[in-house]
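Readers should treat all values here as calculations from the given coordinates under stated rules, not as data from a laboratory. Quantities reported herein were computed from a predicted structural model and do not represent experimental measurements. Because the Cβ atoms are built from the backbone with ideal geometry, glycine has one as well, and the counts that use them run over all protein chains shown.
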Amino acid sequence: EQRDGDQPEFLQAVREVLESLEPVVAKHPEYEKAGVLERLVEPERVVKFRVAWTDDEGNVQVNRGYRVQFNSAIGPYKGGLRFHPSVNEGVIKFLGFEQILKNSLTSLPMGGGKGGSDFDPKGKSDAEVMRFCQAFMTELCRHIGQFTDVPAGDINVGGREIGYLFGQYKRIRDEYSGVLTGKGLEFGGSLARTEATGYGLCYYTAEALRVLKNDSFKGKTVAISGSGNVAIFATEKAQALGAKVVTASDSNGYIYDPNGIQLDVVKDIKLGHRGRIKEYAERVPGSEYHEGCKGVWTVPCDIALPCATQNEIDEESAKTLVANGCTVVCEGANMPSTPEAIAVYQANNVLYGPAKAANAGGVAVSGLEMSQNSYRLSWSFEEVDDKLKSIMENIVASSLAAAKEYGHEGDLMLGANAAGFVKVANAMVAQGVL
Ligand code: NDP
C-alpha cells in the first residue's frame, strides 16, 4: 500500500485477491516461505515511454505508452492494450494483475501482462490512429515477441489498431510472427476471436446458471452495459440463448428498448460508423435514450452483464439491481463492480461471476490464435467456438471445485482466485526465487 498508494484501482484488485486467498495460503505454508504473494503483487517489469506523433494539422502530439510485464511463471506475458484518456500506470497494473490469474484459469500457457496509452481515439481520423499506432509500436517492439510478450486488444483497440500495430512490428523487426492476437483473418487472426469475450461470458453465465440454479437464459430479461466489442457479442449470444436484452450504453448515456435491443442497429452505429448509442433511439421506435451511463442499472432485469469499464456498478447501483429483482451478475468488463457492490451481491445471494473467470474467453481464444500461428494453420469457426465453450465450462467447474476445497462451496469469486492462483504459485515455487 505504501509503495503504490497513488494507484487505487491496482490496490482494489490486489486487496480482493489477497482476501480470497487467505484459506489457500493457510493450507500451503510453502507459498509463504517462497514469498509467493509478495512476488505476485510486484510486476516483473514496467515499461513507460513517450509516444510522439503528428496530427492531421501537422502539430506534434505527445502521449504516454505503457507495458506492464507482470508475471511469466506459466507462459509468455499476455494481455491487451487499452487506448483511453483514463489510462495511467495504476490502471494498467490492475489490469495486468488480474490477467495473471485469468490466464491461468483458461488452462492455456500464458503469463500476465497489459499495456496501453492515454491516447484518445475519439474524433481522430484513420490516418491519425495509424500514425499513433506506428509511433507506439516503434518503441513497444523492443519489449515484445512471440515467445516473450504477446499483446492483444482492449478498450479502443480493435481490428483496425491491431492491423496498424502488426504492420509496424513486421516492418521494424523484419519478422512475420504471431506477436499480436486479434489480427485480421488474412494475416494470422483466428475465427471467433472477435466474438470470444462476449460469447464466452454467456457460455460461463449459462453454465453457472445450470450448475448452481438449474436454470438458463431462456425467457430472462438481461441488462448489458457498453456497446463495444464485448457488449455487442454478449448481446448476440444472450439473444441466441433465448434471453431478451433490453439495454445498451456508451460513456454518454444508455438505451432502454422494452421490445429487445435490435443488434443489427447497434452494430451499424458502432461498427459501421463509430457513432454514438443515442442514434439508436432516433432509429428504433419505442426505445428510449437517457443521458448518463450509470442509469442503465436502474432498468429492471433478471441478469446483469456489465461490459463497459471498471467500477461502473457502485453500491447504490447494486442495491437498485437487487431491489428490481436481479439475481445474477456476471462481469464482461474488468473489475466493473466496486468492493461495496460485491458486498451487496454477497449479502443478497446474487449469483456473482467475477471478471477474471467470466471474461476469460477473449484471452482464451487469443491463446488458441497463438497455437494456430505456431502450427501455421487455421481452425474453423465451429472448432474454435467449441473449444471456447468447453474452456468456459471448465472455468466454472474448476472454480467450484477450488471453492469447495477451501471451504467456501458455491463461491465463484473465491474459487476463481484460488484455482488461478495455485497453478501460478506452484510454478513460481518450482522455478526458484526470481
Ligand atoms: P470497446 O472499446 O470495444 O468498448 C468499450 C465500451 O465501453 C464502449 O461502449 C465505451 O463507450 C464504454 N466505455 C469505455 N470507457 C467507459 C467509461 N469510462 N465510462 C462509461 N463507458 C465506457 O472495448 P471492449 O468491449 O473490448 O472492452 C470493454 C470491457 O471489457 C473492458 O473493461 C475490457 O477491459 C474488458 N475486456 C475486453 C476483452 C476483449 O477481448 N476485448 C477481454 C476481456 C475483458 P464510449 O464509446 O463512449 O467510450
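At-a-glance table
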read-out	value
Net dipole in debye of the chain [+1 Lys, Arg Cβ; -1 Asp, Glu Cβ; about Cα centre; nearest 20]	840
For segment 175-302, share of DSSP beta bridges that run antiparallel, in % to the nearest 5	80
Two-decimal Rg to Rh for the chain - Kirkwood Rh, Cα set	0.95
Exposure proxy order (Cβ contacts within 10 Å, fewest to most) of Tyr375, Tyr254	Tyr375, Tyr254
Ranked Met130, Met370, criterion: other C-beta atoms within 10 Å, fewest first	Met130, Met370
Beta bridges per DSSP with both ends in the chain, % antiparallel, nearest 5	55
Prolate/oblate/rounded call for segment 191-236, Cα gyration tensor, a/c under 1.5 rounded	oblate
Packing-based exposure ordering (other Cβ within 10 Å, fewest first) of Arg274, Arg173	Arg274, Arg173
Local electrostatic count at Asp264 - Lys and Arg +1, Asp and Glu -1, tallied over other residues with Cβ under 14 Å	-1
For segment 120-199, with +1 on Lys and Arg beta carbons and -1 on Asp and Glu, the positive-most of Tyr164, Gly184, Gly153 along the dipole	Tyr164
DSSP-assigned coil residues among trypsin sites (Lys or Arg not before Pro) in segment 195-256, each with at most 11 further Cβ atoms within 10 Å	Lys218
Surrounding net charge for Arg173, when Lys and Arg each add one and Asp and Glu each subtract one, Cβ distance under 14 Å	-1
Global form of segment 279-415, assessed from the alpha-carbon gyration tensor, a/c cut-off 1.5	oblate
Trypsin sites (Lys or Arg not before Pro) within segment 101-133, DSSP loop, no more than 13 other Cβ atoms inside 10 Å	Lys122
Among Gly112, Gly415, Gly35, residue whose mean-square fluctuation peaks in a GNM of the chain (springs only between Cα atoms under 10 Å)	Gly35
22 Å Cα-Cα threshold exceeded, pairs from Lys102/Lys124; Lys102/Lys170; Lys183/Lys387	Lys102/Lys124; Lys102/Lys170
Estimated inter-spin distance, Ser251 and Ala401, nm [label 7 Å along Cα→Cβ]	4.1
For the chain, built as a Gaussian network whose Cα springs stay under 10 Å, the top-fluctuating residue of Asp302, Asp386, Asp120	Asp386
Bridge type composition, segment 65-167 - antiparallel percent by DSSP, nearest 5	45
Geometric extent, Cα atoms of segment 41-180 - Rg, Dmax (angstrom)	14.4, 48
Most fluctuating residue given options Val284, Val87, Val24, as computed from a GNM of the chain linking Cα atoms under 10 Å	Val284
DSSP H segments from the chain that extend 15 Å or more along their own axis, Cα-based, with Kyte-Doolittle mean of 0.5 or above	412-430
GluC sites (Glu not before Pro) within segment 28-119, DSSP loop, no more than 15 other Cβ atoms inside 10 Å	Glu57
Cβ-based charge dipole, the chain, positive-most Cα from Val384, Ile255, Val396	Val384
Euclidean distance of C-alpha centroids, segment 207-238 and segment 241-282, integer Å	16
For the chain: relative contact order, % (alpha-carbon pairs under 8 angstrom, 6 or more apart)	16
Pairwise FRET efficiency - Glu383 versus Leu263, Cβ, R0 = 22 Å, nearest 0.05	0.35
Computed [θ] at 222 nm, deg cm²/dmol, the chain (DSSP H ≥ 4; -39,500 (n - 2.57); rounded to nearest 500)	-14500 deg cm²/dmol
Computed over segment 194-358, the ratio Rg/Rh where both radii use C-alpha atoms and Rh is Kirkwood	0.93
Theoretical FRET efficiency, 1/(1+(r/R0)^6), r = Cβ-Cβ of Val60 and Asp6, R0 35 Å, to 0.05	0.80
Rg/Rh ratio calculated on Cα atoms of segment 214-288 (Kirkwood radius)	0.96
